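Below: the structure, in structure tokens.
The values are calculated or read from the model by the stated rules, or taken from the named source; none is laboratory data. Just so we're clear, the structure is a prediction, and the values are computed from it rather than from any experiment. With ideal geometry, Cβ positions are generated from the backbone for all residues, glycine too; neighbour counts draw on all protein chains shown. Side chains included, ligands, DNA and RNA excluded: accessible areas come from the protein's heavy atoms. Shrake-Rupley method; radii C 1.70, N 1.55, O 1.52, S 1.80 Å.
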Amino acid sequence: MLNIAYVGFGKSTNRYHIPYLMQRQDKFRITRVVTPTLGKRPAEQQALEATGTIFSTDLNDILADDTLDLVVVVTPAPAHYITARQLLLAGKNVIVDKPMVETLTQAQELVDIARERNLFFMPFQNRRFDSDFLTLQHVLNAGYVGRPVELEVHMDHYRPNSATTTGGPIDGAWYGHGVHLVDQIIALFGKPTSATYDLRATRELGAKIDDQFEVNLHYPDAFKATVQATELATIAYPKWVLHGTTGTYIKYNIDQQEYDLKVGIMPGMPGFGDDAPQDYGQLTYFNPSGDRIEKVIPTIHGDYGRIYDAAYDSIINDAPKLISDSQMLAVIEILQAGFNEPTPHIVQF
């Protein structure tokens, strides 16, 4: 049983973290929560307090608690670095929400502190357990499309009136959405050799915070992965389009976990996260005999809680981290490079 604490008690903590932990009460016990405002979510706070969770507004309560085995940072992104640094220096194992930090220098410092103190440190890349990502991974591993040639992944919305107008790069779409997509590509193919960047603010002309991006990640063997997002898509692109030497795979729509969590359907409830058959991916490929085959690929079930399973296995059983240090550093390096020069531009890695 690991004693866990949360820094932050907003929407993300109560949507993407705690509901999954409630399915793992044999492994985790939430003993502390630090939040700037007590009582802001009274029902959720009272439910945890009834199980013994202590709420407070002072991070020092966590820093001084030697009974904690893991602390999860779910603050606004600009506070991730300083908060994670304080926790690591206090000897805490840490998971930090995405984006982990803004610069490669900050990321390397936190990785070094964790290594020096033999601490667990990892970003909360929950979308490694998106159902659509797991299914794409299966298609690649099965070899249906042959050698991958081009992969395109989208994270599209229609949010014309919610533009962020103040802040820095970490507050924009490239860091906010791109961090997931870049991590997924790195999980599949490793670090690219170069990238071409197109980052723009489209909802409010002249705004300094990006809300749309298209970034091409280039690899050896003529392979390219494109990660793209917009906040002005009334009709979204497919989530995934994969072309290879022997076939094509297309998947529309996102993981159903996202939709279910937003309406209060929680992990463990009947049908949670189940993809609708009409949203299954479509595969067309040629087999070794030259036959053209069209088939539907049922969606593999996703589970964001597997991030916690992986953390538990690393802390208790010394298993390798799900997201390695080299992977988390590569993600931040690619994100930061998007702002090294005026867009559009090309960066070699």
- Message: With the cut-off at 23 Å, tell me which of the pairs K191/K295; K11/K98; K224/K262; K224/K251 have Cα atoms farther apart than that.
- Response: K191/K295; K224/K262
- Task: Note down the net charge around D112, summing +1 for each Lys or Arg and -1 for each Asp or Glu among other residues with Cβ under 13 Å from its Cβ.
- Result: 0
- So what is the relative contact order of the range 35-182, in percent, for Cα pairs below 8 Å that sit 6 or more residues apart? 18 percent
- Would you please classify the overall shape of the range 57-123 from the alpha carbon gyration tensor, given that a ≥ b ≥ c denote the square roots of the eigenvalues, rounded means a/c under 1.5, and beyond that prolate means a/b larger than b/c while oblate covers the rest? oblate
- Item | Global form of the range 204-319, assessed from the alpha-carbon gyration tensor, a/c cut-off 1.5 | rounded
- Item | Contact order relative to length of the range 147-210, as percent, for alpha carbon pairs under 8 angstrom and 6 or more apart | 43 percent
- Sum of -39500 (n - 2.57) over DSSP H runs of 4+, divided by residues of the chain (222 nm, nearest 500): -8000 deg cm²/dmol
- Accessible area expressed per residue, the chain, with surrounding protein chains retained (probe 1.4 Å, Å²): 44 Å²
- Task: Starting from the Cα gyration tensor of the range 266-315, take the square roots of the eigenvalues, sort them a ≥ b ≥ c, and report rounded, prolate or oblate (rounded when a/c is under 1.5, otherwise prolate if a/b is larger than b/c, else oblate).
- Result: oblate
- Note on the structure: Expressed in square angstrom to the nearest 10, the accessible area of E152 with a 1.4 Å probe stands at 50 Å²
- Item | Relative contact order %, the range 166-323, counting alpha carbon pairs below 8 Å whose residues are six or more apart | 13 percent
